[in-house]
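One structure is given here, and the rest of the page talks about it.
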Amino acid sequence: MIPRSIISLVLSAYLFFSPAPAKDSKASFDGKAALSYIKVLAADTMLGRKSGEIGGQMAAEYIVSKLKEWDLEPAGPKGSYYQDLTIEYNEVERGASLEIVAGKAKREFVYGEDWRQQNYSGSGNFAADIVFIGYGISAPQKEYDDYSGVDVKDKLVLFSTDAPRKFEEKLKEEALFPNRIKAAQAHGARGVLTFRSETQTAGFFGGFRGGLKKESYKPDFVIISLENKIVEFIFKHLKTELRYLFQQIETTGKPQSFATGVRSFANLNIAYDEKRPTQNILAKIPGTDKNLKNEYVILGAHMDHLGLDMTGDVFNGADDNASGTAVVMEAARTMKLNQIKPKRTIIFALWAAEEEGLLGSKYYTENPVYPIEKTVSYINLDMEGHGSGKINFSGVYYAPEIWDLLKARLPKEIVDNVIPGRGGPGGSDHTYFLSKGVPGFMVITEGFHFRTNRVGDVIDLIKPEVLKNAGDFVQAAVEVLATEPKISTLAERQENYYWKYETIVNYKTPSLDEVIKEHGDIKDPDVDFQLAAVGEKEGMTGDTLRIEVMKALLAGQEKLRQSKGLWPYESQPAGPMMMRGRQSSKTTVLVGLRGIGSLRDDLRWADVFSKQGIAFVLLDQPGFLFGDKGLSEEGKKIVEALGKANLLLIVKGLDSAQSKIFLENSKKPVLLAVNNLPDKDVIDLIKKTNSSIGLVLGKDEDGVSCFKRLDEAKKTIGTGYLSIVAENCLWDKAGKEQMIKLIRELLKAKYENDDLANLFSGTFLRALARART
Ligand SMILES: [Zn+2]
């Protein structure tokens with residue numbers, strides 16, 4: 001900890017120059033005063049306000065000194081302004097360097113650009129030889145060991161974070177990144193140098209970086225990721241080629257490890273602290289109404305920023321987010337000065353460690369000082385200093401009633417300046433409030449925000465008139481929310497919010513025409529992905545039917561592109577966009593074939609349809625695929641053609657024996673829609689083929705029974721292989737109500753966010769992505 005005396009010395013210099021509060025009894029939000037707080041918060045002497053560092057602490061002390069000066073009541077635990085918490089602190093100190101000597105060539109590489117440490121890396125200042133070890137996988141019991149035949153003691157091991165395709169299944173466990181680190185440590189290596197193969201795709205959840213936990217941390221074991229530039233430099237001086245080596249592993253099934261003779265000089269100092277203390281700041285204006293004072297409106301912003309960069313330059317973070325912090329401060333000062341008498345209690349919150357992953361606000365929502373279910377709204381400010389002066393206010397989809405109220409009560413000149421938006425989790429500190437069911441809004445000024453997260457985010461670019469617009473709006477909004485007698489805190493708020501912010505797939509599959517007719521104009525839907533079918537026409541087969549299918553498909557896609565509420569799946573970029581469903585005000589429509597009547601006589605059409613945007617095939621009467629023993633000859637051809645064509649197979653109505661045969665023959669993942677969990681052999685096959693189960697929830701089944709079946713399935717197979725397939729249409733009231741009740745049970749059982757996301761869409765979307773590559 002830093003001695004308080006030093007901090008007060010620094011602060012007293014600032015306080016001396018701070019503006020005296022106006023004595024006017026009807027003060028309004030003062031943009032210049034807000035600017036003066038930013039001047040302090042974003043000064044170089046605040047060292048970038050990083051939580052867990054002296055700069056973060058000085059910023060907090062400065063804010064509290066102002067709140068005290070303005071006579072705002074502390075609102076933290078035990079009458080303090082501070083809510084203490086600890087964060088995991090993991091920082092590279094300045095002067096990190098990496099030099100590689102290969103033969104006569106010597107080169108120094110730039111930290112942050114060419115290489116960086118991974119989470120839970122240790123430190124060291126050392127010279128070490130580099131040993132190439134393929135994939136860094138050690139599984140001698142399964143006859144594959146990248147460490148066999150090489151000595152890696154005190155050396156740096158170099159490996160690809162990819163995995164050998166040949167053994168993808170067999171080495172699944174050993175290929176997990178934490179296990180590769182463990183192997184390197186067990187073999188006595190000094191550290192690891194990792195890189196990504198050219199062929200390696202980004203990976204659905206951002207690939208490797210997130211995989212480690214603190215168990216991987218050893219104080220003197222370094223974990224470094226390299227850009228390909230460095231790998232190329234190393235190999236330029238060797239008599240072999242990287243691509244050749246990986247090809248050899250693939251074809252021979254044998255490791256190709258060897259000592260490169262290349263030497264490295266590394267200097268990397270990491271400060272790692274499992275529990276570094278920091279704090280949120282909380283102040284309040286207490287409510288005056290006998291009952292409503294026990295309800296809360298929170299106005300908050302993160303006060304932290306990124307600290308110093310590797311060269312010692314300060315990330316001033318004037319816009320991000322000294323600006324939001326200053327708006328909260330000035331709003332608090334003005335309201336206090338005006339001696340407002342709100343019915344509800346107003347909380348002013350400044351969060352720590354937003355930049356480290358929303359840690360301060362997360363801590364608050366998990367350890368609320370005031371009951372979450374009595375919190376009527378949270379308004380978050382993040383970046384209020386740049387732009388046009390108009391205010392983006394998002395979160396309206398989650399609590400339209402709050403926006404309606406504000407529209408009705410606020411002066412026209414304020415409302416006219418506000419641009420309401422759908423909103424949703426992610427990006428800033430409103431996220432965890434939303435997940436707990438509190439209407440969470442995000443305020444960011446409209447327009448371009450200069451130099452976000454870069455060194456040049458400085459005070460000169462901040463416009464006080466923009467600060468004032470943001471301040472006028474949030475101050476007025478908070479006063480309305482704190483005063484309006486009728487704001488209901490819904491009994492099922494959290495369930496409803498989950499329903500809204502989970503990405504929801506509706507498996508009820510009408511024809512594409514019907515989908516467009518029914519939902520084409522609906523904005524802000526709860527359903528994020530809708531399945532739609534083409535492919536059946538009474539009495540038609542062969543070419544006649546194919547022409548019909550193509551016509552329906554092309555016309556439908558055109559209508560989707562033109563519609564207000566829908567968009568076609570294939571028009572979106574592949575990859576992480578999947579998760580964007582919930583951020584979008586449109587429903588993504590996935591078009592599939594119902595049955596295979598349109599291609600049964602000519603299987604080449606599977607590929608043609610797939611290229612035209614057909615995403616899946618729905619087989620609800622797959623009996624025809626089977627012969628006396630296993631798949632019929634035709635069945636085999638069909639399954640093979642569909643697998644090759646990048647189509648996801650959604651199969652209903654198979655018994656256990658058929659499922660087993662089907663999975664054994666399918667090269668691509670399959671979604672098996674089932675009413676009851678299949679046998680263990682089938683479950684093993686599902687995992688092996690990366691397929692998944694869609695547990696069908698009956699039309700009239702109640703939420704509790706749905707939950708019980710789902711929970712059992714989760715215990716047996718895990719949510720990574722499981723999705724919820726409701727028979728009900730989720731656009732309808734009955735479908736929604738069943739889901740809300742199910743969600744209530746899932747929340748009661750404390751399901752993790754990841755599990756919920758898997759069940760509602762994650763598992764399905766991953767299967768789809770895999771089928772289509
Ligand atoms: Zn920010």
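What to note about this one:
- Residue within the range 259-276 that is within 30 Å of residue 68 (Cα to Cα) and more than 16 Å from the ligand (Cβ to nearest atom) present: yes
- Residue pairs whose Cβ atoms lie under 8 Å apart, sitting 6 or more positions apart in sequence or on different chains, and linking a residue in the range 463-474 that is more than 14 Å from residue 38 (Cβ to Cβ) to a partner that is open to solvent by less than 10 Å² (accessible area, probe 1.4 Å) and of a type in the set (Phe, Trp, Tyr), are 472/29; 473/393.
- Remark: residue 714 matches the filter, which requires a residue to be touching a residue at least 40 places away in the same chain (Cβ under 8 Å), open to solvent by 30 Å² or more (accessible area, probe 1.4 Å), over 17 Å from residue 741 (Cα atoms) and in a helix (DSSP H, G or I).
- Test for residue 400: is it open to solvent by 10 Å² or more (accessible area, probe 1.4 Å), more than 16 Å from the ligand (Cβ to nearest atom) and at pLDDT 95 or above: no
- Restricting attention to the range 318-372 and to residues that are basic (Lys, Arg) and part of a helix (DSSP H, G or I), the residue that is farthest from the ligand (Cβ to nearest atom) turns out to be 336.
- Unique match (being within 15 Å of the ligand (Cβ to nearest atom) and more than 17 Å from residue 398 (Cβ to Cβ)) among 409, 451: 451
- Only one of the numbered conditions (1) within 29 Å of residue 747 (Cα to Cα); (2) modelled with pLDDT under 90; (3) open to solvent by less than 40 Å² (accessible area, probe 1.4 Å); (4) not hydrophobic (A, V, I, L, M, F, W, C) is violated by residue 627, and that is (1).
- Entry remark, the range 222-257: residues being open to solvent by less than 50 Å² (accessible area, probe 1.4 Å) and not aliphatic (A, V, I, L, M) number 10 in total.
- Close Cβ contacts (under 6 Å, 6 or more residues apart or on different chains) running from residues in the range 547-564 that are farther than 20 Å from residue 599 by Cα to residues that are of a type in the set (D, E, K, R) comprise 564/521.
- Residue 476 buried (at least 18 other Cβ atoms within 10 Å of the Cβ) and either on the phi < 0 side of the Ramachandran plot or of a type in the set (Ser, Thr, Tyr) (or both): yes
- Applying the set (1) more than 31 Å from the chain's Cα centre (by Cα); (2) surrounded by fewer than 19 Cβ atoms within 10 Å (Cβ to Cβ); (3) of a type in the set (Val, Ile, Thr) to residue 311 leaves exactly one unmet item: (1).
- If you go through the range 672-711 and pick out every residue that is assigned to a strand (DSSP E or B) and of a type outside the set (Gly, Ala, Ser), you end up with 6.
- Among the numbered conditions (1) closer than 30 Å to residue 321 by Cβ; (2) open to solvent by 60 Å² or more (accessible area, probe 1.4 Å), the only one that residue 455 does not meet is (2).
- Condition check for residue 418 on (1) open to solvent by 30 Å² or more (accessible area, probe 1.4 Å); (2) more than 19 Å from the chain's Cα centre (by Cα): one failure, at (1).
- Within the range 373-388, being within 16 Å of the ligand (Cβ to nearest atom) and either without any contact (Cβ under 8 Å) to a residue 60 or more places away in the chain or open to solvent by 20 Å² or more (accessible area, probe 1.4 Å) (or both) holds for one residue alone: 383.
Residue by residue, here is whether (1) within 23 Å of residue 589 (Cα to Cα); (2) of a type in the set (Ser, Thr, Tyr) holds:
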residue	(1), (2)
702	no, no
710	no, no
719	no, yes
724	yes, no
736	yes, no
739	yes, no
742	no, no
769	yes, no
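- Of the strands (runs of 3 or more DSSP E) lying entirely inside the range 50-165, the ones with 3 or more residues being at negative phi, open to solvent by 10 Å² or more (accessible area, probe 1.4 Å) and not small (Gly, Ala, Ser) are found at 82-92, 105-109, 124-132.
The values are calculated or read from the model by the stated rules, or taken from the named source; none is laboratory data. Quantities reported herein were computed from a predicted structural model and do not represent experimental measurements. Virtual Cβ from ideal backbone geometry, glycine too; neighbours counted across all protein chains shown. These area figures cover heavy atoms from the full protein model, side chains too; ligands, DNA and RNA do not enter into them. Shrake-Rupley method; radii C 1.70, N 1.55, O 1.52, S 1.80 Å.
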